[in-house]
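Derivation of every value follows stated rules applied to the coordinates shown; laboratory data play no part. For clarity, every value in this text was computed on a predicted model and none was experimentally measured. Don't worry about glycine lacking a Cβ; one is built from the backbone with ideal geometry, like all the others, and counts go over all protein chains shown.
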């Protein structure tokens, strides 16, 4: 089981990156991230996404938002 403190710190850092890179309010960034496929996979312990660092999660989120697709890292294929 993953440590709760680490588990919640990662989305906070991803949201920070979304705010900074998209120039939007934190509430909007939270809504966008929590409604993304990347976050759905992050929440599912079986995907292993909770092991990813915030920058990789942001990159996957950004790809999802800009292209509608997500290219999974080779390490999980």
Checklist entry - For 22, 39, what's the fewest-to-most ordering of other Cβ within 10 Å of each Cβ? => result 22, 39
Checklist outcome for this item: Assertion target for 66, 71, 47, ordered by fewest C-beta neighbours within 10 angstrom first, is 66, 71, 47
Checklist entry - Ranked by Cβ crowding within 10 angstrom, fewest neighbours first, how are 57, 72, 17 ordered? => result 72, 17, 57
Item to check | Separation in nanometres of the label points that stand 7 Å from Cα toward Cβ, at residue 46 and residue 67 | outcome: 2.6 nm
Checklist outcome for this item: Stretched fully, the stretch from residue 13 through residue 53 gains (0.36 nm per residue minus C-alpha distance, one decimal, in nm) 13.5 nm
